[in-house]
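Everything below concerns the one structure shown next.
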Ligand code: FNR
């Protein structure tokens with residue numbers, strides 16, 4: 001019996017397996033509105049056997065976009081454009097999640113294949129970024145430190161976006177607190193030098209994340225699973241680390257989080273990461289044990305047996321895969337075949353199932 005292809009239940013939701021699509025920015029939205037690209041892109045993974053398809057980092061306010069091409073959920077037009085995508089995922093037997101995000105000091109940058117890199121100047125449509133402290137990400141424009149009302153507005157924006165996500169039909173809301181974006185900037189002492197209640201001790205640095213969690217939970221109710229993606233280490237001296245990540249994850253659990261999606265890095269350009277197959281699995285295991293909360297593992301997990309082994313070892317409860325789905329949108333069907341698991345194929349594809 002494959003664990004990877006066993007059902008997973010969080011609150012009122014049961015997903016068909018534990019092989020999920022990791023959120024991946026497509027930098028292809030117009031004014032935050034998803035396009036035909038997103039529809040085809042996300043639906044194909046549901047056809048390809050994913051249990052849960054989590055849509056990309058989606059900004060809760062316009063100034064929280066990484067680039068002008070990010071998706072958003074700060075208005076109803078954006079919500080309505082997501083709805084048919086969620087429906088397409090559901091029709092293919094998978095469930096749909098969305099990652100809600102605010103890029104903080106890493107907002108207002110060129111998309112990856114633009115001819116320029118780094119911060120977008122005001123004359124080219126860039127905007128002033130905000131962060132816990134006025135400390136720039138190396139090479140980017142300096143942000144403005146958020147004041148108390150700015151922080152309240154961030155909390156309210158996450159809650160409003162969560163409401164729209166549920167109204168669009170999403171089954172899971174994931175809060176993006178990783179990869180050096182706003183909530184991670186608050187968590188790390190390398191980017192948070194505040195002296196008020198949102199800085200200093202770990203309790204202070206975690207306060208905004210926990211407020212966001214409370215507000216999102218209040219908005220979505222008790223039935224909806226809420227996940228949190230964290231970077232469990234900054235891979236930099238003096239930064240947020242696995243010990244702090246476990247403590248914050250335990251607090252997140254008390255504040256209604258159902259799973260910690262464990263990634264790493266992204267806070268500072270001078271990070272030093274040793275990248276190898278499954279390089280973040282150990283962090284997922286640490287947080288699972290130390291935070292006493294279900295986790296998912298992600299990062300260079302590219303083969304069925306490898307994913308299965310992570311679950312057999314008890315390092316995580318589910319597997320997020322990113323780039324392998326881009327190489328093979330039917331990775332889930334292939335993985336099930338490799339592991340000998342019986343899964344439902346789209347009827348339209350049955351002639352290709354075994355021969
Ligand atoms: C990403 N990643 C990412 N992570 C995240 O939390 N939110 C996002 O929107 C994105 N966007 C994104 C776009 C693209 C094109 C890639 C390749 C990656 C990171 C991704 O979710 C995943 O954590 C990493 O890619 C590591 O997993 P894989 O790709 O080794 O399976």
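Can you tell which of 249, 201, 28 shows the greatest fluctuation in a Gaussian network model of the chain with Cα springs below 10 Å?
Greatest mean-square fluctuation among the candidates belongs to 201.
Quick one: order 319, 247, 301 by neighbouring beta-carbon count within 10 Å, fewest to most.
Details: 319 28, 247 16, 301 25.
Listed from fewest to most nearby Cβ atoms, that is 247, 301, 319.
Tell me, 311, 183 in order of fewest to most beta-carbon neighbours within 10 Å?
On the way: 311 19, 183 25.
Starting with the residue having the fewest Cβ neighbours, the order is 311, 183.
Please work out whether the stretch 26-144 counts as rounded, prolate or oblate from its C-alpha gyration tensor, where a ≥ b ≥ c are the square roots of the eigenvalues and a/c under 1.5 means rounded, while otherwise a/b larger than b/c means prolate and anything else oblate? All intermediate terms of the calculation are to be shown ahead of the outcome.
Details: a/c = 2.31, a/b = 2.22, b/c = 1.04.
Prolate, because a/c is 1.5 or more and a/b exceeds b/c.
Against the 2.2 N^0.38 Å scaling, with N counting residues, where does the stretch 8-352 land? I'd like the Cα-based Rg ratio to two decimal places. Could the numbers behind the result be given before it?
Details: Rg = 18.9 Å, N = 345, 2.2 N^0.38 = 20.3 Å.
Normalised Rg, Cα atoms only: 0.93.
May I ask for the distance between the Cα centers of the stretch 180-215 and the stretch 21-41, given as a whole number of Å?
The distance from the Cα centre of the stretch 180-215 to that of the stretch 21-41 comes to 29 Å.
What value, in deg cm²/dmol to 500, does the helix sum -39500 (n - 2.57) over DSSP H runs of n ≥ 4 give at 222 nm once divided by the residues of the chain?
Details: 10 runs with 120 residues, N = 355.
After summing the helix terms and dividing by residue count, I get -10500 deg cm²/dmol.
With an 8 Å Cα cut-off and a minimum separation of 6 or more residues, compute the relative contact order for the stretch 8-352 in percent. Please report the intermediate quantities before stating the final value.
Details: 791 pairs, mean separation 56.0, N = 345.
Dividing the mean separation by the residue count of the stretch 8-352 yields 16 percent.
Going by Cα centres, the stretch 162-176 and the stretch 216-256 are how many Å apart?
Using only Cα atoms, the two centres lie 17 Å from each other.
For 287, 275, 144, what ranking results if the residue with the fewest other Cβ atoms within 10 Å of its Cβ goes first?
Details: 287 29, 275 9, 144 13.
Lowest count first: 275, 144, 287.
So what is the relative contact order for the stretch 23-83, in percent, with contacts set as C-alpha pairs under 8 Å and at least six apart? Provide the component values of the computation, followed by the final result.
Details: 89 pairs, mean separation 27.1, N = 61.
Reported relative contact order: 44 percent.
Among 148, 46, 55, which one moves the most in a GNM of the chain with springs linking Cα atoms closer than 10 Å?
Evaluated over the chain, the most mobile residue of the options is 148.
Treating the angle as unsigned and between 0 and 90°, give the value, to the nearest 10°, between the Cα long axis of helix 148-167 and the longest Cα principal axis of the chain.
20
Suppose we keep just the DSSP beta bridges with both residues in the stretch 8-352; what percent of those would be antiparallel, to 5?
Values: 5 of 40 bridges.
Antiparallel bridges make up about 10 percent of those DSSP assigns within the stretch 8-352.
Return one number: the angle in degrees, 0 to 90 and rounded to the nearest 10, between the long axis of the Cα atoms of helix 76-91 and the longest principal axis of the Cα atoms of the chain.
Relative to the chain, helix 76-91 is tipped by roughly 20 degrees.
Which angle between 0 and 90 degrees, to the nearest 10, do you get for helix 202-220 versus the longest principal axis of the chain when only C-alpha atoms count?
The angle comes out at about 50 degrees.
Taking the Cβ-Cβ separation of residue 122 and residue 342 as r and a Förster radius of 41 Å, what is the calculated FRET efficiency to the nearest 0.05?
On the way: r = 57 Å, r/R0 = 1.38.
Taking R0 as 41 Å, the efficiency between residue 122 and residue 342 is 0.15.
By per-residue mean of other Cβ atoms within 10 Å, what is the highest-first order of 172-180, 326-334?
On the way: 172-180: 25.7, 326-334: 18.2.
Output ranking for 172-180, 326-334: 172-180, 326-334.
On a C-alpha basis, how far is the centre of the stretch 291-333 from the centre of the stretch 76-150 in Å? Whole number, if you could?
26
Over the stretch 1-43, what is the mean sequence separation of C-alpha contacts under 8 Å (at least six apart), divided by residue count, expressed as relative contact order in percent? Can you show the working numbers first?
Values: 28 pairs, mean separation 10.0, N = 43.
Over the stretch 1-43, the number comes to 23 percent.
All of the numbers you see were taken from the coordinates with simple rules; none came from a lab. Fair warning: this is a prediction, and the values are worked out from it, not measured in the lab. Quick reminder, even Gly has a Cβ in these numbers, built from the backbone with ideal geometry, and neighbours come from all protein chains shown.
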